[in-house]
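**Q** The structure's right below; bear with me while I get my questions together.
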């Protein structure tokens, strides 16, 4: 593995913890940089706030709280704490460093857990996947869409727009969970719909969490804007009155960890977190790890022997829709064909996480919206 120590400053604070707490099993960069070996997870802090026009916002001391939480018995893979990527001379220097770190860790099956910093750092995480030349699905837990104007320099409110205009573009799909319509400009929302991207609005999430779970399961990169949490639960006075509760935040973190496809996650904030928010951040990372160590490896690559297959004929598209249900986790996937290509001898398919409700709708001869959106993006 490439030497990543050049990008990091070590942890210099002495965190107190007991022998049965997380601090006792974390391999932290203090005197010497850890010898990294995947699979595993790596905690990284990046106190870069210039993308939010807030250069003096420090990251709260979440480590002192996180280290004192208790691991579960099955947490056997390594958990690294690589320290801090300090802001560079320019913000582009910070992006460059984070992109290189993410690329190297993902390549070696180590999940970066990035604690920012403002949400424009999501772009740097995405650029890490560009170096791997692979298509990427992203999922933001956010109250807004953040397409913005690409005529402006990259910042926390237009990072998605910059991802879309990047060439070559490796972004296949983007989903927003927790969208609040008052924070979504009409033009951005209409463009989002034209791109066949996915949303799960806050109201929909509150009614049925299962509507959000496939979006988490379909993502490579998860980007949390902590301002998506209601201000009262985050312990701030500058946030929004509506948003995720603290319990919902932890629930989303856990399901993000369970997803076999998720290979990096970032937690970002523009506001200084107090004691409540810092504690909640530490808990969110803990629940992500709980999900990670509970992975069952049931994303349907290759053999479908461990799945129950369901076939539904749809009059609307004059074809069969194929669904798979995992015998391990009871989770569902839907097979979406690539549109016919001239001269192609073989039909290819794309596997998309879905809910049982998509199968139920197909049984009623209602074409699932997820099938249609995916089919359009494959064209």
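The values are calculated or read from the model by the stated rules, or taken from the named source; none is laboratory data. Predicted model, so just to flag it, every value in this text is computed and none were measured. Neighbour counts run over all protein chains shown; Cβ positions are idealised from the backbone, glycine included.
**Q** Restricting attention to helices (runs of 4 or more DSSP H) lying wholly within region 163-231, give those where 2 or more residues are more than 30 Å from residue 273 (Cβ to Cβ) and either more than 15 Å from the chain's Cα centre (by Cα) or not assigned by TED's automatic domain parsing to the domain that holds residue 353 (or both).
**A** In region 163-231, 186-194 are the helices (runs of 4 or more DSSP H) which contain 2 or more residues that are more than 30 Å from residue 273 (Cβ to Cβ) and either more than 15 Å from the chain's Cα centre (by Cα) or not assigned by TED's automatic domain parsing to the domain that holds residue 353 (or both).
**Q** Going through region 354-369 one residue at a time, which ones are over 22 Å from residue 298 (Cα atoms) and surrounded by fewer than 16 Cβ atoms within 10 Å (Cβ to Cβ)?
**A** Matches in region 354-369: 363, 364, 365, 366, 369.
**Q** Also, I was wondering about something else. Starting from region 235-257, keep only residues that are at positive phi, then list their pairs with residues that are in a helix (DSSP H, G or I) whose Cβ atoms are within a distance under 6 Å, requiring at least 6 positions of separation or different chains.
**A** From region 235-257, the pairs are 235/276; 235/277; 243/228.
**Q** Please indicate, with yes or no, whether at least one residue in region 73-80 is outside any loop (DSSP other than H, G, I, E, B) and more than 23 Å from the chain's Cα centre (by Cα).
**A** The answer is no; no qualifying residue exists.
**Q** Does any residue of region 287-298 turn out to be assigned to a strand (DSSP E or B), touching a helix residue (DSSP H, G or I) at 6+ places or on another chain (Cβ under 6 Å) and closer than 30 Å to residue 164 by Cα?
**A** So far as region 287-298 goes, no, none of its residues is assigned to a strand (DSSP E or B), touching a helix residue (DSSP H, G or I) at 6+ places or on another chain (Cβ under 6 Å) and closer than 30 Å to residue 164 by Cα.
**Q** I'm trying to understand the selection: among the residues of region 220-234, which are in contact (Cβ under 8 Å) with a residue 60 or more places away in the chain and within 13 Å of residue 144 (Cα to Cα)?
**A** Those that are in contact (Cβ under 8 Å) with a residue 60 or more places away in the chain and within 13 Å of residue 144 (Cα to Cα): 223, 224, 225, 227, 228.
**Q** Please pick out the residue among 89, 97, 42, 14 that is in a loop (DSSP other than H, G, I, E, B) and at pLDDT 95 or above.
**A** So the residue among 89, 97, 42, 14 that is in a loop (DSSP other than H, G, I, E, B) and at pLDDT 95 or above is 89.
**Q** Residues to consider are 276, 262; find the one that is surrounded by fewer than 16 Cβ atoms within 10 Å (Cβ to Cβ) and either closer than 30 Å to residue 51 by Cα or modelled with pLDDT of 95 or more (or both).
**A** That would be 276, the only listed residue that is surrounded by fewer than 16 Cβ atoms within 10 Å (Cβ to Cβ) and either closer than 30 Å to residue 51 by Cα or modelled with pLDDT of 95 or more (or both).
**Q** Let me ask another. Go through region 285-311 and count every residue that is surrounded by 15 or more Cβ atoms within 10 Å (Cβ to Cβ) and within 16 Å of residue 361 (Cα to Cα).
**A** 1
**Q** Go over the candidates 244, 224 one by one and state the one that is surrounded by 21 or more Cβ atoms within 10 Å (Cβ to Cβ), closer than 16 Å to residue 66 by Cβ and in contact with a strand residue (DSSP E or B) (Cβ under 9 Å, 6 or more places away or on another chain).
**A** Answer to the selection: 224.
**Q** Scan region 178-187 and tell me whether some residue there is in contact with a helix residue (DSSP H, G or I) (Cβ under 8 Å, 6 or more places away or on another chain), at positive phi, touching a residue at least 24 places away in the same chain (Cβ under 8 Å) and surrounded by 13 or more Cβ atoms within 10 Å (Cβ to Cβ).
**A** Yes.
**Q** Residue under question is residue 282, and the condition is that it be more than 18 Å from residue 212 (Cα to Cα) and part of a helix (DSSP H, G or I); does it hold?
**A** Answer is yes for this residue.
**Q** Check 219, 212 and return the single one that is modelled with pLDDT of 95 or more and surrounded by 13 or more Cβ atoms within 10 Å (Cβ to Cβ).
**A** 219
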